[in-house]
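Reading through the structure tokens given below for one structure.
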Amino acid sequence: MKKEIRITDEEKGIIQVTTLDERWYGKETKDKVTGLPVITWKPSVTFITGSYPKGVGYMKWLADKGFDKAEEVKMEAGDRGTIVHHAIEKLIVEKTISMDTKIKDREGVEREMTPDEYYCVLTFSQWYEANGRPKDIAVEQTVESEKYGYAGTLDYVFLIDGAYVLLDIKTSKYVFPSHELQVSALKQACIEENMKVDKIGILQVGYTANKNQHYKFTEVEDQFPLFLSTKAIWAKEHSGDKPLQRDYPISITLPDAKNAPGTKGKTE
């Protein structure tokens, strides 16, 4: 099933639920009246920013590709981005990675990177060296805003030249407004959790538009008020929504056919 449930913060008791087009963060709390455990759900930052207007360029691209093909392209790009993110995280933690290193994709299946994915990781290492091998303060950490009711997973916070930089890594060729809203929202959540953030930015890896270096860092101005406006649109479209839950049997078994050899009676 195209559904992923994973623990993103065991200490806080936060789980992440991802379906085809939705992402929620669930947290077990206690009912104030009964004291019984209940799960409260917060939408993810990316789920909310998906409600930001896509613009004329996107609509033209969608018309040119057709809906089904556009969805296929987005799924492929998402798979590529997931592999690159997991590979970079592994590189930061283990300090070494090779082309034949097995990396988990969005389905949790381990596979080797494509040359393009491996090159994206290589360009990250080039950025890392060019910035003096900065110290990582947070790596793939889940943060939540109790005040505004959302949660998200930041890529990294690095200490660069005395400044705490919240860095979001992208494999896309362009920085879209929704990307800027994402890092702005994550910054607010970090502040609520007493994490220091001086700058926010987006690092595009495997960015071949640059001749001398195939990465591009873009510092982003805080656009949290615009994120809240987008969240209001999201709330209008998803009022009362929560992760889709259905009951399924653990297994499915077909009984013997009624006209199988050795059985009595006729097939209706």
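Throughout, read-outs are computed from the coordinates displayed, never taken from laboratory work. Predicted model, so just to flag it, every value in this text is computed and none were measured. No Cβ is skipped: glycine too gets one built from the backbone with ideal geometry, and neighbour counts run over all protein chains shown.
Take the Cβ-Cβ distance between Glu221 and Thr34 as r, set R0 to 41 Å, and report the resulting FRET efficiency rounded to the nearest 0.05. Please list the in-between numbers first.
Details: r = 45 Å, r/R0 = 1.11.
Once the sixth-power term is evaluated, E becomes 0.35.
If I take R0 = 22 Å and measure r between the Cβ atoms of Lys173 and Ser125 in this structure, what FRET efficiency does the formula 1/(1 + (r/R0)^6) give, to the nearest 0.05? Kindly include the intermediate steps, with their values, before the conclusion.
Working: r = 20 Å, r/R0 = 0.92.
Step by step, r from the Cβ atoms, then E = 0.65.
Of the peptides 114-122, 32-40, how do they stack up when ordered by the mean number of other Cβ atoms within 10 Å, highest first? Before the final figure, lay out each step's value.
On the way: 114-122: 17.7, 32-40: 9.0.
In decreasing order of mean packing, 114-122, 32-40 become 114-122, 32-40.
In a shell of Cβ-Cβ distance under 13 Å around Lys216, excluding Lys216 itself, what net charge do Lys and Arg (+1) and Asp and Glu (-1) give?
Working: positive: Lys170, Lys173, Lys211; negative: Asp168, Glu219.
Residues near Lys216 contribute +1 overall.
Treat each spin label as a single point 7 Å out from the Cα along the C-beta direction, and report the Glu140 to Lys236 distance in nm.
3.7 nm
What is the extension gain from Ser229 to Gln213, computed as 0.36 nm multiplied by their sequence separation minus the C-alpha to C-alpha distance, in nm to one decimal? Provide the component values of the computation, followed by the final result.
Values: separation 16, 0.36 × 16 = 5.76 nm, distance 3.61 nm.
Gain in length upon complete extension: 2.2 nm.
Would you order Phe227, Phe176, Phe158 from fewest to most other beta-carbon atoms within 10 Å of each residue's own beta-carbon?
Values: Phe227 27, Phe176 17, Phe158 23.
So the ranking, lowest neighbour count to highest, is Phe176, Phe158, Phe227.
Report the calculated FRET efficiency for Ile252 and Trp41 (r = Cβ-Cβ distance, R0 = 30 Å), to the nearest 0.05.
On the way: r = 29 Å, r/R0 = 0.96.
Efficiency, from the Cβ-Cβ distance: 0.55.
Give me the distance in nm between label points sitting 7 Å out from Cα along the Cα-to-Cβ direction at Lys196 and Asp116, one decimal.
Here the modelled spin labels are 4.0 nm apart.
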